[in-house]
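The values are calculated or read from the model by the stated rules, or taken from the named source; none is laboratory data. What you are looking at is a predicted structure, and each value in this text was computed from that prediction instead of being measured. Reconstructed Cβ throughout: ideal geometry from the backbone, glycine too, with neighbour counts over all protein chains shown. Please note that ligands, DNA and RNA were not included when accessible areas were found on the heavy atoms of the full protein model with its side chains. Shrake-Rupley method; radii C 1.70, N 1.55, O 1.52, S 1.80 Å.
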Amino acid sequence: MSELYKLGIKAAAEGLSRKDFSSVELTQAVIDRVHDKDGEIGAYLTFDEEGALAAAREADAARAAGVVASPLCGVPIAIKDLINVKGQPCTCASKILEGYVSPYDATVIKNLKAAGAVCAGRVNMDEFAMGSSTENSGFHPTHNPYDLSRVPGGSSGGSAAAVGGDLCIAALGTDTGGSIRQPASFCNCVGLKPSYGRVSRFGVTAFASSLDQVGPMTKSVEDAALLLKVLAGHDEMDGTTPHDPVPDYAALLAGASLKGVKLGLPKEYFIDGLDPEVKAITEKAIQACTAAGAEIVEVSLPHTEYAMAVYYIVAPAEASANLARFDGVRYGHRSAKSDSVFNLYARSRAEGFGPEVKRRIIMGTYVLSSGYYDAYYGRAQKVRTLIRRDFEEVFTQVDALLTPVAPTPAFKLGAVQDPLTMYLNDLFTIPSALAGNCSMSVPSGFTAAGLPVGVQFIGDAFKEEKLLRIARAYEQIRG
Ligand code: GLN
């Protein structure tokens with residue numbers, strides 16, 4: 001009973017429906033665990049304990065009355081602090097939004113609440129999701145639960161640390177260039193970036209609107225499938241979500257196998273500079289898939305080398321436009337020192353944004369400025385199309401791609417000071433984000449020092465059911 005916080009969604013749902021424990025007991029176990037451990041991990045920014053217990057009581061009543069909306073009924077889910085939940089703070093881990101309280105629920109939260117989930121804990125992140133270590137949080141860093149001297153990855157580092165440290169049952173993260181998958185790899189959890197448009201972005205504070213996706217960060221592939229089912233689908237508030245039906249992903253996992261599955265190894269992803277232990281763990285994953293009957297094919301995504309450059313034009317450009325709304329007037333922090341409207345804007349932004357956010361705004365404003373727009377942004381969009389075509393072409397040959405998630409395991413807090421080195425964390429996750437494909441990180445092994453390392457499976461757009469089946473089969477055979 002006392003270790004209920006260790007459960008994933010599926011086990012929690014089973015226990016709740018067998019009445020082994022109540023949602024109040026489950027939620028209290030998570031709250032106690034957070035009190036016990038989060039002092040050293042720092043995964044959470046805020047936790048509305050009363051709200052959580054009230055939602056848990058409601059879920060218990062619904063289960064008692066036999067109206068169980070979903071397996072998530074009564075299950076506490078940690079929410080990345082850029083997703084709006086009515087009545088809760090939503091800071092994006094930025095000082096500029098300190099004190100801001102959301103007036104409405106994001107669509108993903110509406111869906112979770114309709115399913116009966118308990119959404120009360122808000123987890124840390126890199127400010128406005130810009131970063132790969134959660135060290136860019138405007139409030140405090142988060143520590144990796146597997147080694148407290150190391151980062152949990154980012155930008156969804158709080159989500160990953162909460163899942164990996166058993167400080168929640170599951171979490172929501174967002175991924176723009178790798179922010180679900182890289183921290184999932186660092187903290188031993190499953191992280192799924194859905195295809196662009198699979199999940200509504202309404203109510204999710206925008207970083208780069210043409211890339212952002214919300215996705216599950218969980219303790220198993222099955223849990224990711226259960227959570228994705230609730231998150232996904234058309235939303236009239238987000239015009240990029242098509243009407244494609246949402247399959248029952250978890251039910252489709254039954255009998256998942258790698259027999260006859262064609263897995264592509266893009267040669268551009270197996271490069272010098274890959275950490276030797278990450279390389280060895282990835283090779284072991286390939287061997288395990290082969291032994292389980294998968295056919296391994298070497299493939300090529302020839303425009304991969306341009307992905308990083310394209311991302312660091314497109315993402316900052318969109319960020320500079322999206323972040324213009326934080327002007328000290330409409331939301332959050334307002335400088336006390338302003339004597340004119342211009343100074344009010346300038347000072348509020350100068351005081352409120354951290355250095356990485358400022359760097360992105362400056363880069364983005366530059367690449368969009370007149371005279372440079374075509375040379376940078378326009379050209380980047382064209383190359384992005386070439387990158388997407390690489391993936392379209394390769395998915396006529398293979399069922400999924402298998403690659404490393406990140407070039408290294410979790411690094412020490414403070415060890416990466418240079419922004420360009422930090423950007424390299426996303427070398428393997430950015431291309432599929434630019435293409436809009438679904439992709440996921442699945443735990444794959446540990447380094448000699450005990451650090452988790454994931455493997456990435458990349459699937460064709462809107463083929464999450466296939467990707468999840470492959471990930472599930474791998475999870476069962478990885479040993
Ligand atoms: N680390 C990448 C960046 O800093 C990706 C972030 C993300 O996916 N939100 O932009």
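Stretching the chain fully between Glu236 and Ser257 yields a gain of 3.9 nm (0.36 nm per residue, less the alpha carbon separation).
Over the chain, average the accessible area per residue using a 1.4 Å probe and give it in Å², no decimals.
Working: 17880 Å² over 479 residues.
Per-residue value: 37 Å².
Hey, for a label at Ala309 modelled as a point 7 Å past Cα toward Cβ, could you say which residues of the range 376-417 have their backbone N under 17 Å away? Zone members listed by number: 376-388.
A simple rule links phi to the HN-Hα coupling: the Karplus curve 6.51 cos²θ - 1.76 cosθ + 1.60 with θ = phi - 60°, which for the range 122-129 gives 10, 10, 5, 6, 5, 3, 6, 6 Hz, with x for Gly and Pro. Each stretch of four or more DSSP H residues adds -39500 (n - 2.57); spread over every residue of the chain, this sum gives -11500 deg cm²/dmol at 222 nm. Here the chain has 54 percent of its accessible surface on carbon and sulfur atoms, given a 1.4 Å probe and all protein chains in place. Separation of the range 289-336 from the range 20-34 is 36 Å, based on Cα centroids. Sequentially through the range 436-443, phi angles give Karplus couplings (6.51, -1.76, 1.60; θ = phi - 60°) of x, 6, 8, 7, 8, 9, 10, x Hz, Gly and Pro residues having no value and appearing as x. Across every direction, the projection of the convex hull enclosing the Cα atoms of the range 193-304 has a mean area of 9.5 nm². Remark: the range 159-272 carries a charge dipole of roughly 340 debye about the Cα centre, counting +1 on each Lys and Arg Cβ and -1 on each Asp and Glu Cβ. A simple spin-label model places the labels of Gln381 and Lys279 4.0 nm from each other, with each point 7 Å out along Cα-to-Cβ.
Which value does Rg/Rh take for the chain over its C-alpha atoms, Rh per Kirkwood? Intermediate values should be presented prior to the final figure.
Details: Rg = 21.1 Å, Rh = 22.1 Å.
Dividing the radius of gyration by the Kirkwood radius yields 0.95.
Look at where the Cα atoms of the range 255-278 and of the range 186-228 average out, and the two centres are 22 Å apart.
Set the Förster radius R0 to 45 Å, insert the Cβ-Cβ distance between Arg389 and Lys95 as r into 1/(1 + (r/R0)^6), and round the FRET efficiency to 0.05. Calculated value: 0.60. Amide H contacts for Val297 (H built 1.01 Å from N in the peptide plane; partners 5 or more residues away or on another chain; cut-off under 5 Å): Leu263, Gly264, Leu265. Note that the range 269-344, at 10 °C in a medium of 1.306 mPa s, gets a Stokes-Einstein diffusion coefficient of 90 µm²/s from its Kirkwood radius over C-alpha pairs.
The range 74-105 and the range 442-475 have their alpha-carbon centroids 29 Å apart. When the C-alpha to C-alpha distance is required to be over 29 Å, the pairs from Lys19/Lys466; Lys10/Lys466; Lys19/Lys259; Lys80/Lys412; Lys358/Lys382 that qualify are Lys19/Lys466; Lys19/Lys259.
Taking 0.36 nm per residue of separation and subtracting the current Cα-Cα distance, fully stretching the chain between Tyr366 and Lys19 would add 119.1 nm.
For the chain, which DSSP H helices look membrane-span-like by this rule: Cα extent along the axis of 18 Å or more and mean Kyte-Doolittle of at least -1.0?
Details: long enough: 23-41 (26 Å, -0.38); 49-64 (22 Å, -0.33); 276-291 (22 Å, 0.10); 307-322 (22 Å, 0.85); 355-368 (20 Å, 0.19); 379-394 (23 Å, -0.96); 464-477 (20 Å, -0.57).
Qualifying helices: 23-41, 49-64, 276-291, 307-322, 355-368, 379-394, 464-477.
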